[in-house]
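Just below is one structure, and these are the notes that go with it.
Since every read-out is calculated from the coordinates, none of them should be taken as a lab result. Not measured: the values here are computed from a predicted model. Every residue, glycine among them, receives a Cβ derived from its backbone with ideal geometry; neighbour counts consider all protein chains shown.
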């Protein structure tokens, strides 16, 4: 008697399996492909300048809706308190001493008689040999586009972007206003949409680096009556700033609508981030102390969330992250190879996906061997002449230490119960102060960070 082989599919089972494979193959292929990336990066946009972060005057319903469906980071940082060094860190994945973009431009800031330390010029250009994440994404097969503020010397096309719309090169624009009533945020949004439409049949990464809400504070005129009539908030009340923020948010709504129409929204990771704290004369990061240009929380803690449909669960985390983490994270999202250069950050994708509850406790660093002079407000900085003087800063866990090189001052804060950084614990917690100071000095020695000397 012939024995039937076990587990051998019958004719009907073979047909059923074949149908199942045909149904699932396209879905499996789609799931295996890395997603598109929309990276929205704002300029001088403060920690509390959105509705989801508590603004009582500015209106950001489209950004808020994305944040509600995404993972919000309450303790996200920029790597610098002003534009160029923050962007250098973001694009290179390296802290400032490696790429040496320390300030906006290379000239000394403030009056010479008030600067006690010698000038360290640094550079204004991201060196061509530094491989940007855009170049790494290109190598992985992505089509890349940059729309807005570059601020790193050279050109975006020379450092990894297939398509580039530099806001400074748009004909007829002065600040945020252009010919025939054109408004910069609208134009950049439209150009970004054009890029997405032209790239819809392949993987793409759109880096929408708005110039908003940087000075000059040019209101979007048609929105002025709305905010002139609106009751001022206790936290925020600046009418021109409100119109600029709404222009950005309206653009986000337009982008989302277009992604939906192209059936791309569910296959697109959206990252929302800012280059530094808000502009002190026009906005407020309360309860944080400080603003753009200071290394207190108000100058470096910024809004951040990731929206990744079907992958990232909605929620909020207080995990500290910083700008250099974005490079390895983008590589993780895109399944791209790491370049042959140092990357100072960590890949956040496992945290995004909920594969880990948190990151191992690690120090975050800032190094600013330069000066930033004051502007119209001086009430949330160490002295009235400079928003900051040369310094280094470290955060590890709940503790943050500032070191100021002119006077050797050390300031230690426990951010868990003093987020405003007003209770200096340096003298009361000498062991913690010395531990963090030692880590900070060891890091500077290892990375070759220049410390300015007396004139």
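Helical content alone sets the calculated 222 nm signal of the chain at -8500 deg cm²/dmol, taking -39,500 (n - 2.57) per DSSP H segment of four or more residues and averaging over every residue.
For segment 328-352, the residues whose backbone nitrogen is under 20 Å from a point 7 Å from the Cα of residue 127, taken along Cα to Cβ, are 328, 338-345. Taking the fewest neighbouring Cβ atoms within 10 Å as the starting point, the ordered list for 50, 125 is 125, 50.
From most to least packed by mean Cβ count within 10 Å, the peptides 186-195, 386-395, 262-271 give 386-395, 186-195, 262-271. Between the Cα long axis of helix 239-261 and the first principal axis of the chain there is an angle of about 10°, rounded to the nearest 10. Neighbour counts of other Cβ atoms within 10 Å put 414, 250, 357 in the fewest-to-most order 357, 414, 250. Mean sequence separation of contacting Cα pairs (under 8 Å, at least six apart), scaled by the length of the chain, corresponds to a relative contact order of 23 percent. Against the main long axis of the alpha-carbon atoms of the chain, helix 430-447 sits at an angle near 70°. Segment residue 177..residue 69, full-extension length gain: 35.6 nm, with 0.36 nm per residue of separation and the alpha-carbon distance subtracted. With both partners inside the chain, how many of the DSSP beta bridges are antiparallel, as a percent to the nearest 5? Here the share of antiparallel DSSP bridges comes out near 55 percent. Here the calculated FRET efficiency for residue 118 and residue 353, from their Cβ-Cβ distance with R0 = 45 Å, stands at 0.40, rounded to the nearest 0.05. Listing 338, 428, 143 from fewest to most neighbouring C-beta atoms within 10 Å gives 428, 338, 143. Relative to the longest principal axis of the Cα atoms of the chain, the long axis of helix 184-198 lies at roughly 20 degrees. Apply the Debye scattering formula to segment 35-358, with a single equal point scatterer on each alpha-carbon and no solvent, then give log10 I(q)/I(0) at q = 0.06 Å⁻¹. Normalising to I(0) and taking log10 leaves -0.19.
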